[in-house]
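One structure is given below, encoded as structure tokens.
The values are calculated or read from the model by the stated rules, or taken from the named source; none is laboratory data. Predicted model, so just to flag it, every value in this text is computed and none were measured. When we count neighbours, we look across all protein chains shown, and the Cβ atoms used for this are built from the backbone with ideal geometry, even at glycine. All accessible areas refer to the heavy atoms of the entire protein, side chains included, with ligands and DNA or RNA removed. Shrake-Rupley method; radii C 1.70, N 1.55, O 1.52, S 1.80 Å.
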Amino acid sequence: MEEGGPELRLFDSSEELSSGLADYVHQISESAIKERGSFSLVLCGGDVPKRLGKLTSSAFLKMVEWSKWHVFWAEENVVAKRHPDSLFWQAKEYFLSKVPILPAHIVPVSHDLPGESAANSYEFSIRQHVRKRTVSVSPSSDCPRFDLILLNFPLSHQPVPGEDTQWVSCVSNHGSKERVILTLPVINAAAHVAIVASGPEVAPQFLDMMMGNKSIESSPARIVQPLDGKLVWFVDATAASLFLRGKGCAATSGS
């Protein structure tokens, strides 16, 4: 990880967090497009797709170079495309259907395949984009180097360690639905990773995460550590309440 470790951005409210996250995504996209001519964004579940609705405002619609965006997923449930648990469908409802990203630049997990086949197909799609250089390669491994990966806290699954040669995996926890996920080496190869923590219900877990009180199995976000990139936490006041009360924090205010 870069010198100085992760950055913590605190926001007074969930609404301000959403605005700050939208500004950050736009900033990273501008930088990537200026440097490489394209921007690769990796979405997740939770409330992140809804928060990206901030990018559908008239100001962003005019400012953003949408034709240069390429969208992927860090995780996806193995369900039908229109199923309520489909993370693709959630992102489409709140964000993708309201912005002019080219359909060919949206790379979802296949919804008409069983788990392992869906994972293999998705990895093949990512490899095609690496060959076309719309996604660059990590300087430290053979993994793809996505410009920005968004994750929701607490993470919905334990990231699969894997090898640099395995980019996608299919997992199932405690009899739950199968889920296709990016492996840990791919997440840690990203140029930027942003983790969103919001709400009082995650405050105990956020405190444990920041203090290192729990095992990695109980707090998998601890192993998200970009090797040649930057990790930024977007946290609202309610999520950070227990941590700030007991520890204090030299954090960057996002307000």
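When residues in the range 1-42 are screened for being closer than 23 Å to residue 127 by Cα, in contact with a strand residue (DSSP E or B) (Cβ under 8 Å, 6 or more places away or on another chain) and not hydrophobic (A, V, I, L, M, F, W, C), 4 of them pass. Does any residue of the range 47-65 turn out to be under 22 Å from residue 178 (Cβ atoms) and in contact (Cβ under 8 Å) with a residue 12 or more places away in the chain? Yes; the residues of the range 47-65 include at least one that is under 22 Å from residue 178 (Cβ atoms) and in contact (Cβ under 8 Å) with a residue 12 or more places away in the chain. Given the condition outside any loop (DSSP other than H, G, I, E, B), surrounded by 14 or more Cβ atoms within 10 Å (Cβ to Cβ) and within 17 Å of the chain's Cα centre (by Cα), answer yes or no: does some residue in the range 126-133 qualify? The answer is yes, given that some residue of the range 126-133 is outside any loop (DSSP other than H, G, I, E, B), surrounded by 14 or more Cβ atoms within 10 Å (Cβ to Cβ) and within 17 Å of the chain's Cα centre (by Cα). Inside the range 203-247, can you point out the residues that are of a type in the set (Val, Ile, Thr), open to solvent by less than 30 Å² (accessible area, probe 1.4 Å) and farther than 30 Å from residue 141 by Cβ? The answer is none; no residue qualifies.
Among (1) of a type outside the set (S, T, N, Q); (2) more than 12 Å from the chain's Cα centre (by Cα); (3) at pLDDT below 95, which single condition is residue 202 missing? In the conditions (1) of a type outside the set (S, T, N, Q); (2) more than 12 Å from the chain's Cα centre (by Cα); (3) at pLDDT below 95, residue 202 misses (3) alone.
Using the structure shown, decide if residue 117 is open to solvent by 70 Å² or more (accessible area, probe 1.4 Å), among the polar types (S, T, N, Q) and free of Cβ contacts under 8 Å to residues at least 12 places away in the same chain. Criteria not met by residue 117.
Tell me, please, whether a residue that is more than 25 Å from residue 226 (Cβ to Cβ) and out of contact with any helix residue (DSSP H, G or I) (no Cβ under 8 Å at 6 or more places or on another chain) can be found in the range 138-153. No - not one qualifying residue is present in the range 138-153.
Do we find that residue 205 is touching a residue at least 24 places away in the same chain (Cβ under 8 Å) and part of a loop (DSSP other than H, G, I, E, B) in this structure?
no
The residues listed here are 235, 180; of these, the one that is modelled with pLDDT of 90 or more, in a strand (DSSP E or B) and closer than 21 Å to residue 108 by Cβ is 180.
Put simply, of 157, 174, 192 the only residue that is open to solvent by 10 Å² or more (accessible area, probe 1.4 Å), modelled with pLDDT under 95 and within 15 Å of the chain's Cα centre (by Cα) is 157.
Candidates in the range 139-152 are the residues that are open to solvent by 10 Å² or more (accessible area, probe 1.4 Å), out of contact with any His (no Cβ under 7 Å at 6 or more places or on another chain) and not aliphatic (A, V, I, L, M); of these, the one that is farthest from residue 127 (Cα to Cα) is 152. Please work out if residue 93 is touching a strand residue (DSSP E or B) at 6+ places or on another chain (Cβ under 7 Å), part of a helix (DSSP H, G or I) and open to solvent by 20 Å² or more (accessible area, probe 1.4 Å). No; evaluated as a whole, the condition is false for this residue.
From the list 84, 100, 108, which residue is under 16 Å from the mean Cα position of the chain (by Cα) and assigned to a loop (DSSP other than H, G, I, E, B)?
Working: 84 fails: under 16 Å from the mean Cα position of the chain (by Cα); 100 fails: under 16 Å from the mean Cα position of the chain (by Cα).
That would be 108, the only listed residue that is under 16 Å from the mean Cα position of the chain (by Cα) and assigned to a loop (DSSP other than H, G, I, E, B).
Which residue out of 113, 102, 87 is in contact with a helix residue (DSSP H, G or I) (Cβ under 8 Å, 6 or more places away or on another chain), of a type outside the set (Gly, Ala, Ser) and under 30 Å from residue 236 (Cβ atoms)? It is 87. Within the range 111-125, being among the acidic types (Asp, Glu) and within 18 Å of the chain's Cα centre (by Cα) holds for one residue alone: 123.
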